[in-house]
Amino acid sequence: MTNNLTKPVSKRLLFALLTITIGVEIVLYLSGFSLLAGTIYDAIMVSSFFIGLKLQPRLSNGIQKTKIQVISQFIGAFLLFILGSTMINIYSSYAFQDFNEDYEQYVDAYTEVVPYEEPKLEPGQHIDPVDHMWEVVGEIDSIGYDIFTDILAGLEEVWRLAYIILILLVFKRVFPRRWEKGGRDIFVMLALFITSVLFGIDHTLNSVQSWKYEVGAIVTFANMGLLFGFILLWTRNLWMTVLVHSVYDILATLSWYYFEFIVEMATMVLLPIYLVLMAVEKNQQLKKSIETVDSEEIAN
């Protein structure tokens, strides 16, 4: 895998990788002071989709999978992240109470929706349907923007893969002897650790909070990033990891506004589906092995 990831990079691709890594760090910091910087960040995230198309072949092992295998791997990756993120949240709630309390207050304030109250009408008056319509449109606009940002957040996995490639290229150049001898897993783990720490720091670049909050946020989101990184390397599928990230963020947003336990409900629905798909896949593999044995016996 490391040979594919560290294949020669063209100048154009190198510029693209630096833009969605170092460039994003700068823009994220400036977004705390500038609306334009936030817009530029969104534009870079959208453009990273096309960069991801160039990077996915470097990550893929070239093995073709059936639809059942792809679906079961996605569900397995999603359930793995749910389990891991739950453990991370439990740990953070005890280890970083200041961060946990401030974050809960932030979510409550951010998602506070003023309920629409029908005005008191005089006899013969009617509710203006246009005003009511704009109230509904305003709420849809707010939640729709959050879901849009959740979709863009999934493309942060392109950022992660780009950073891993750049870091591995640096290791390959700085430690040529160790690289040629093999044992490159240590370089991959170091790259994954560095990107996870950066992922945690990026979630605090445009915030002004106490140092206790900052430390708690960095550790919590770094652990989340590490989990996404493991999923990326396990599946060797950038777009599957992007989808896991986006779907989780969308469900989290919906839990803020509408269904508090929607993530848990999704887990309860997906778990039996995953077990069934695994059973079907195992049965198909058993049939293939039997057919292979039969064909060998006939040949002999």
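The values are calculated or read from the model by the stated rules, or taken from the named source; none is laboratory data. What you are looking at is a predicted structure, and each value in this text was computed from that prediction instead of being measured. All Cβ positions, glycine included, derive from the backbone under ideal geometry; neighbour counts span all protein chains shown. We work out accessible area using only protein heavy atoms, side chains counted, and drop any ligands, DNA or RNA first. Shrake-Rupley method; radii C 1.70, N 1.55, O 1.52, S 1.80 Å.
Candidates in segment 23-44 are the residues that are loosely packed, with under 13 Cβ neighbours inside 10 Å and at pLDDT 90 or above; of these, the one that is nearest to G183 (Cα to Cα) is A43. Report whether or not S196 is under 21 Å from F78 (Cα atoms), of a type in the set (G, A, S), within 15 Å of the chain's Cα centre (by Cα) and in a helix (DSSP H, G or I). Considered against the rule, which asks whether it is under 21 Å from F78 (Cα atoms), of a type in the set (G, A, S), within 15 Å of the chain's Cα centre (by Cα) and in a helix (DSSP H, G or I), S196 comes out as yes. Among (1) surrounded by fewer than 18 Cβ atoms within 10 Å (Cβ to Cβ); (2) more than 22 Å from the chain's Cα centre (by Cα), which single condition is L83 missing? Every listed condition holds for L83 apart from (2). Looking at this structure, is V244 at pLDDT 95 or above and assigned to a helix (DSSP H, G or I)? Yes; evaluated as a whole, the condition is true for this residue. Taking the numbered list (1) in a helix (DSSP H, G or I); (2) open to solvent by 40 Å² or more (accessible area, probe 1.4 Å) in turn, S255 passes all entries but (2). Considering only segment 45-65, state which residues are at pLDDT below 90, open to solvent by 60 Å² or more (accessible area, probe 1.4 Å) and not basic (K, R). Across segment 45-65, the qualifying residues are N61, I63, Q64. Listed by first and then second residue, the pairs linking a residue in segment 68-79 that is under 13 Å from L243 (Cβ atoms) to a residue that is open to solvent by 10 Å² or more (accessible area, probe 1.4 Å) and not in a helix (DSSP H, G or I), with Cβ atoms under 9 Å apart and 6 or more places separating them unless they lie on different chains, are V70/N237; Q73/K65; Q73/N237; F74/N237; A77/N237.
Working only within segment 54-82, note down all residues that are in a helix (DSSP H, G or I) and not aliphatic (A, V, I, L, M).
Once the filter is applied, which keeps residues that are in a helix (DSSP H, G or I) and not aliphatic (A, V, I, L, M), segment 54-82 yields K54, Q56, P57, R58, K67, Q69, S72, Q73, F74, G76, F78, F81.
Looking across segment 225-250, the residues that are open to solvent by 20 Å² or more (accessible area, probe 1.4 Å) and of a type outside the set (K, R) come down to L226, L227, F230, L233, W234, N237, W239, L243, V247, Y248, D249, I250.
Each row is one residue, and each column tells you yes or no for (1) crowded, with 18+ Cβ neighbours inside 10 Å; (2) among the aromatic types (F, W, Y); (3) on the phi < 0 side of the Ramachandran plot; (4) at pLDDT 90 or above.
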position	(1), (2), (3), (4)
I167	yes, no, yes, yes
V170	no, no, yes, yes
D185	no, no, yes, no
F193	no, yes, yes, yes
S207	no, no, yes, no
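Scanning for something at pLDDT 90 or above and among the small types (G, A, S), does segment 80-94 turn up at least one residue? Yes, segment 80-94 contains a residue that is at pLDDT 90 or above and among the small types (G, A, S). Residues in segment 1-53 that are farther than 18 Å from F199 by Cβ and assigned to a loop (DSSP other than H, G, I, E, B): M1, T6, K7, P8, V9, S10, F33, S34.
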